[in-house]
2 protein chains.
Amino acid sequence: MPDIGKLLWPKSVAVVGASSDTHGLRGRIFEIIRSHPFAGTVYPISRSAAEVQGVKAYPSVEALPEVVDLAILIVPAAYVPAELERCGRAGIKAAAILSSGFAEEGETGTRMQREIAAIAQRYDMAVSGPNSEGFANIAASLCANFSPASDKSAGLLTPARPLGRGQVSVISQSGGLGFAFLDRARPRNIKFRYIATTGNEAALEISDFVDYMLDEGETDVFLLLIEAVKTPGKFKRVAEKALKAGKPLIVGKIGQTDPGRRAAASHTAVLAGSQAAYRAIFDRYGLIEGRDFDEMLDVAVAFLACGDRMPAGRRVGICTASGGAGIWMADACAAAGLDVPVLDAATRAALDAYVPSYGTTQNPVDSTAQGVQKLGYAQFARLVAQSPSVDGVIVVITARRSAFLEADLPKLKDLARECPKPVFMWTYTLPAERTIEILNEAGNPLFTGAPGCARTMRAMADYRALRERLLETASIAEPVTSARTMVAALLAAAPLVLSEYRARPLLAAYGIGTENAGELVHSGEEAAAKAQAMGRLVALKVQSADIPHKTEAGAVALNLVDADAVRAAYDRVLTAAKRHVPTAQIDGVLVQPMAPPGREVILGVNRDPTWGLLLMVGLGGVLVEALDDILLAPVPLDAAAARALIGRLKAAVVFRRYRGLPPADVDALTELMVRLSQFSADHAEEIDSIDLNPVIVHGEGKGLSVVDALIVKRDVPAAERRGAAE
Amino acid sequence: MPDIGKLLWPKSVAVVGASSDTHGLRGRIFEIIRSHPFAGTVYPISRSAAEVQGVKAYPSVEALPEVVDLAILIVPAAYVPAELERCGRAGIKAAAILSSGFAEEGETGTRMQREIAAIAQRYDMAVSGPNSEGFANIAASLCANFSPASDKSAGLLTPARPLGRGQVSVISQSGGLGFAFLDRARPRNIKFRYIATTGNEAALEISDFVDYMLDEGETDVFLLLIEAVKTPGKFKRVAEKALKAGKPLIVGKIGQTDPGRRAAASHTAVLAGSQAAYRAIFDRYGLIEGRDFDEMLDVAVAFLACGDRMPAGRRVGICTASGGAGIWMADACAAAGLDVPVLDAATRAALDAYVPSYGTTQNPVDSTAQGVQKLGYAQFARLVAQSPSVDGVIVVITARRSAFLEADLPKLKDLARECPKPVFMWTYTLPAERTIEILNEAGNPLFTGAPGCARTMRAMADYRALRERLLETASIAEPVTSARTMVAALLAAAPLVLSEYRARPLLAAYGIGTENAGELVHSGEEAAAKAQAMGRLVALKVQSADIPHKTEAGAVALNLVDADAVRAAYDRVLTAAKRHVPTAQIDGVLVQPMAPPGREVILGVNRDPTWGLLLMVGLGGVLVEALDDILLAPVPLDAAAARALIGRLKAAVVFRRYRGLPPADVDALTELMVRLSQFSADHAEEIDSIDLNPVIVHGEGKGLSVVDALIVKRDVPAAERRGAAE
């Protein structure tokens, strides 16, 4: 691994392609670097000019008086590989390539990117880009980029009074959006450490930068802007490292919707779509997603201001002096999935001393203007935070005038020191500059939008819960022992499509579907005999790798009562199957006891082009798929993760006691998910998809029935795989 | 109706309770009024002081040298009725009551509010409040309130360069939130006409102010903040008037979630909950809802800037010079329900002349920095707007520097004049002040958040579509002729709970459920004979007003094949019914042919405490109710509204051709909804609820089957009604 420190912390820099024309990008970057007090030497490299912006220029990096640490390449794309090679030969260990015209232009550009990667590897160089906008090392006052946001005229690089004690780094595949964070965060006094833009990622990718910065230990909050993750395994490893270290990764994922793809969205695309896969990974590894700058910055501000003061749960107390604003905040909290419980009696009694009769101590606590005058915001928040009913506090303020908060500042600071619960502030008027400073100093994050304030509290609670779970279990993806070897051998010997009778023994080795296996028969008589032995209503299902859609083919018969019915059905399903696919290779007919009733669940595993195998769970039936209530998670997953996934289904309510039905056996479903995920993880390289559709979950303690099973192996062309797995 | 003009446009004002102590509210209001150049006379009224803030004071309104137009009352609550009476006797025609301590404190306060209402009526006075924060007539420089937002130190009341040519009025039940709009809108250069806060609405309510301002014709956009609508009929009438006039009502509805109510949420509360009812009204009358200040102001800004340039549909073209930012905007558009279609070939060809090879003309159109330099934003937007594939354009800009837009200003103005499609601007950097001015002048709304920009485009498209539909149909709630008289007579004679056999003839008079009526029988033999005559599988259902939950009582038998089965079932259901409710009065048993299969729909009518009867539609089954996919609409509704409602169901997709099922007969469902809504509207005073649950909708052209029907009449205690209707 090359040393990213050489890229981000160079002592000397060469700008290859620098120009005196400051209207062009090649002149701008040189001008911007020199406008900041970077302590190192900066050399312009120019083929044509002896001097650039008054500085002596050199014709090539080889002509420089020293071997610089970093070369910034901003020459036309076609010259980039040769220039990079020259840098490597000269012993330069880092390069930032800002030139455009690579993979985004087609095959030639893609080939040039491969050349860049090869050169970087050959010389062990840390190379960012191409097609990036460069980077900024704010701590070193090095702005190796042409973004207007790091131009001196745009404002200070570091705020005079930064928020909290932490630093934020931005790592973005998009140059424009990456530097826009620096610009948009200025009113919020965020102290940045790095802005790195990675462009097409021919060599270094987002994960490499995060990894470096985690090791460095100076970045407390990360803002990531991602179009597509290049190396999924590395990303997951680094994300887990960040979660363990308690350094939140706040992520904007762009390109979640493809208008073109949407138009032609097929059933399979919906279930295994890349957007859902990314979300599954973010959820698993505790990345906090924001839909735009403000949502992302809200979360960053909260972590900077609160440090370790994170809510231990989702229960919020709201302090307000304006009834209307308090109600609006309660609405926002409920919409964000937070609870706003009625406070306990002791807390209410303590508040009663301050709250007049036309206020309320319920929650939101409306002290009225009169009450807050007596209490002050700090004391008000402290009383509510002391309630065992809440995990965090939101104080509704009007930040237009600072005098009242100014008087309260010492108490606010005490509160931050003494109270382990976070105290957020939401102002319904525009904040005065001094108010922002006061709250910065006090350690209270300030929000101007109620939805953003509530959403952030929720994100912080989820982050804390996930991290605590991870620290308990030591690792997110922990391998466990299993019936691995036997199944691997059976799987290797099996055909590409394993219909139910073939799939079941493999799954059963992991304890999946053992309750309902059924038996393969080859005649109506045999079927009738088996059915009688089962002593229950049975189903018959034709088994053929060529007929994955058995129901539509008429190759299934359900609810067969007696031997006659079974015999008749045997002939019927076989005839239908042969009519449907005349060339089908039929292995036999499965006789299976009918499952008792329950909630119908779809459970499966599908392969995502980026993230590999993902477990899929949803409630069954046409309707739920239509409502897009399907969740994904990377495999394997433990019981806590499985249970959390079930809880996040919109349809989760139907598992509870519901209109006369007893609660469903969620424990059994949880166990099934863990087993299936382990099966998939153990044989990830062999498997393309597994469908248990449906699984019938019975009442509490009654278990479940896996009613159908299909495994499709990997290594057939994608088009065929899709058809078979559907 | 009293003259609100006297309240908002007084020539002379008395401040009853004015004080020299400017730290208190009674001193603040007098100070604030006098700090602005209001042209009228302002008299302080004080029992104790001869002078207030240097102005000669009077002991009572009766001692004034003239009869003032407006009295502002800011005395303790207990004195308010007497003071108001004194004002009335003195001939004063308007009063604003700012005192607190009325209905929010309990019974005494509620009684005082009734007194206020009576006095207002007796003297034909325009009375606002109590418990309000007063109002501001910005046009007259009259700030009759104590809000810090209208203090001179907070900034100008009217921006130096207002956005667009229109004016905005705020009408809010909450004082603090109402004036916060003035504060928060300052950076966006919105010109306000009035800020009116209505408090407890003892007399005048939000609708009265909107009505006055619509008649006045000077307000172009309304911002409403509502906790609860006082007189629903008036609200609907005024909302329709505003929609006809093309003056958008942008509404914040606070108190949508009740943490207490949520905890105990019963099934019925979910279906008929007040939040859903408000949303149904907002949707019907074209009110545009926002969840916070920024969402509401985004919409206001767009209407002010665009005037009549509203999108004719939901298709958006996106212009960008930053690939990443363009993708992010496309994501936001898709999330807001907008389409981002690939542009037509002619438009793409026209753009090709400017867009370099590493850009794209698909949509978003990424011109790259190079392309936009050649084109300019105006020409870029014009080329995209000319595409017949789009209804509006969003231009992604960086507004940090104004020079580029400055040069483009004349062309932007031409574009606004010549192009009927709206052109929105989203900046991903923070806008410079001059940029805001330029875009104001050009007539382009500027957004700093991508989700808000997209959401606003969508809201505008929906508003235009709804308004055009209204203007075509002349009225939102148009009465139609019907079988009204006959049904009214039958309904009057019927018991409170009409079980299916009683409800069906009434509904059939409106063409509802005629396909599947069934017949009432009183013996097993009779049942068997009727079933045989029907020649199909039948169901038996015990008919009793005392057993509304027939299925749970075991009082229903389904899928009966032959006469023997019917006879046996007859005895079984009767026995079960009698066991379930031994005292039940049983009217007979209904024999009904089983309906063919199809999509199961719940259709009903429920009474909301505020909005009266609302039609309810959703897909049937336990799951959909759990997913909260139930929509409401006021009755009656026409076919277009019914169809739109069906289309807004999350589950609407299952009506389409779906996994082998033919499309559902949505026409039949639409017609049923219109008929049921007409039935309900015609007999609104008599009906508490109607349930058609389920309705089975068959394939296209195959109609539907109303499988069950229940009508509950009004005028029984609420608790009983609920139980019966469940």
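Each value in this text was obtained by applying a stated rule to the coordinates, not by laboratory testing. As the structure is a computational prediction, the values presented were derived from the model and not from experiment. Please note: Cβ atoms are built from the backbone with ideal geometry, for glycine as well, and neighbour counts cover all protein chains shown.
Taking the 0 to 90 degree range and rounding to the nearest ten, how far is the long axis of helix A:323-335 tilted relative to the main principal axis of chain A, both from C-alpha atoms? Approximately 50 degrees, to the nearest ten. Sorting the segments B:518-531, B:326-339, A:372-385 by their residues' average number of neighbouring beta-carbon atoms within 10 angstrom, most packed first, yields B:326-339, A:372-385, B:518-531.
If you average the C-alpha positions of the stretch B:170-195 and of the stretch A:47-64 separately, how far apart do those two centres end up, in angstrom? Cα centroid of the stretch B:170-195 versus Cα centroid of the stretch A:47-64: 59 Å apart.
What length, rounded to one decimal in nm, is gained on full extension from A:A50 through to A:T110, with 0.36 nm per residue of separation minus their alpha-carbon distance?
On the way: separation 60, 0.36 × 60 = 21.60 nm, distance 3.38 nm.
18.2 nm is the gain from fully extending A:A50 to A:T110.
For the stretch A:297-399, what proportion of DSSP beta bridges, expressed in % and rounded to the nearest 5, is antiparallel? Expressed as a percentage, antiparallel bridges in the stretch A:297-399 total about 10.
The distance from the alpha carbon centre of the stretch A:512-557 to that of the stretch A:339-406 is 65 Å, rounded to a whole number. Extending 7 Å from the Cα toward the beta-carbon at both A:E685 and A:D344 defines two label points whose distance is 5.6 nm. The relative contact order of the stretch B:449-560, computed from alpha carbon pairs under 8 Å that lie at least 6 residues apart in sequence, is 18 percent.
Please determine, in degrees from 0 to 90 and to the nearest 10, the orientation of helix A:107-122 with respect to the longest principal axis defined by the Cα atoms of chain A, where the helix direction is its Cα long axis. Once rounded, one gets 70 degrees. Backbone N atoms of the stretch A:91-117 closer than 15 Å to the 7 Å Cα→Cβ label point of A:S12 belong to residues A:91-94. Among residues other than B:S387 with Cβ under 15 Å from its Cβ, the summed charge is +1 (Lys and Arg +1, Asp and Glu -1). Here A:E418 yields copy-to-copy label distances, from shortest upward, of 6.9 nm, the label point defined as 7 Å from Cα along Cα to C-beta.
B:V653 to B:K152: FRET efficiency via 1/(1 + (r/R0)^6), r the Cβ-Cβ distance, R0 41 Å, to the nearest 0.05? The calculated FRET efficiency here is 0.15.
Projecting the Cα atoms of B:A321, A:S402, A:M310 onto the charge dipole of the protein assembly as shown (Cβ charges, centred on the Cα centre) puts A:S402 farthest toward the positive pole. Counting only other chain Cβ atoms within 10 Å of each residue's Cβ, the peptide B:179-188 averages 3. Compared with the dominant Cα axis of chain B, that is its longest principal axis, helix B:175-184 is turned about 60°. Placing unit charges on the Cβ atoms of the charged side chains and taking the dipole of chain A about its Cα centre, the candidate lying farthest along the positive direction among A:V666, A:A369, A:F102 is A:A369. Distance between the 7 Å Cα→Cβ label points at A:A493 and B:A533: 6.8 nm.
Computed from backbone phi, the HN-Hα couplings of the stretch B:34-48 come to 6, 6, 10, x, 5, 7, x, 8, 10, 9, x, 10, 9, 6, 10 Hz, rounded to whole numbers (Karplus: 6.51 cos²θ - 1.76 cosθ + 1.60, θ = phi - 60°; Gly and Pro given as x). For the stretch B:487-500, the Karplus equation 6.51 cos²θ - 1.76 cosθ + 1.60, evaluated at θ = phi - 60°, returns couplings of 5, 4, 5, 4, 5, 4, 7, 7, x, 5, 9, 9, 6, 3 Hz by residue, with Gly and Pro reported as x. Dipole of the protein assembly as shown computed with +1 at Lys/Arg Cβ and -1 at Asp/Glu Cβ about the Cα centre; of A:V697, A:C419, A:C143, farthest Cα towards the positive end is A:C143. Residues whose amide H comes within less than 5 Å of that of A:A18, counting only those at least five positions distant or on another chain, are A:I45 (H built at 1.01 Å from N in the peptide plane).
In terms of the mean number of neighbouring beta-carbon atoms within 10 Å, the peptides A:136-142, B:550-556 order highest first as A:136-142, B:550-556.
With a threshold of 29 Å on the Cα-Cα distance, the over-threshold entries among A:K191/A:K253; A:K550/B:K530; A:K11/A:K152 are A:K550/B:K530. In percent, rounded to a whole number, the relative contact order of the stretch A:131-261 is 25, using alpha-carbon pairs under 8 Å and six or more apart.
For B:L619, the residues 5 or more places off, or on other chains, whose built amide H falls under 5 Å of its own are B:I602. Taken as Cα centroids, the stretch A:73-87 and the stretch A:445-464 sit 46 Å apart, rounded to the nearest whole angstrom.
Each Lys or Arg adds one and each Asp or Glu subtracts one; over the other residues with Cβ under 9 Å from the Cβ of B:K230, this totals -1. Contact order, relative form, for chain B: 8 percent (alpha carbon pairs under 8 Å, 6 or more residues apart, mean separation divided by residue count).
For the segment A:319-330, counting C-beta atoms of other chains within 10 Å of every residue's C-beta and taking the mean gives 6.
With its label point put 7 Å out from Cα toward Cβ, B:P187 sits 0.1 nm from the same residue's point in the other copies, in order from shortest. Legend: mean number of C-beta atoms from other chains within 10 angstrom of residue C-beta atoms, peptide B:93-106, equals 2.
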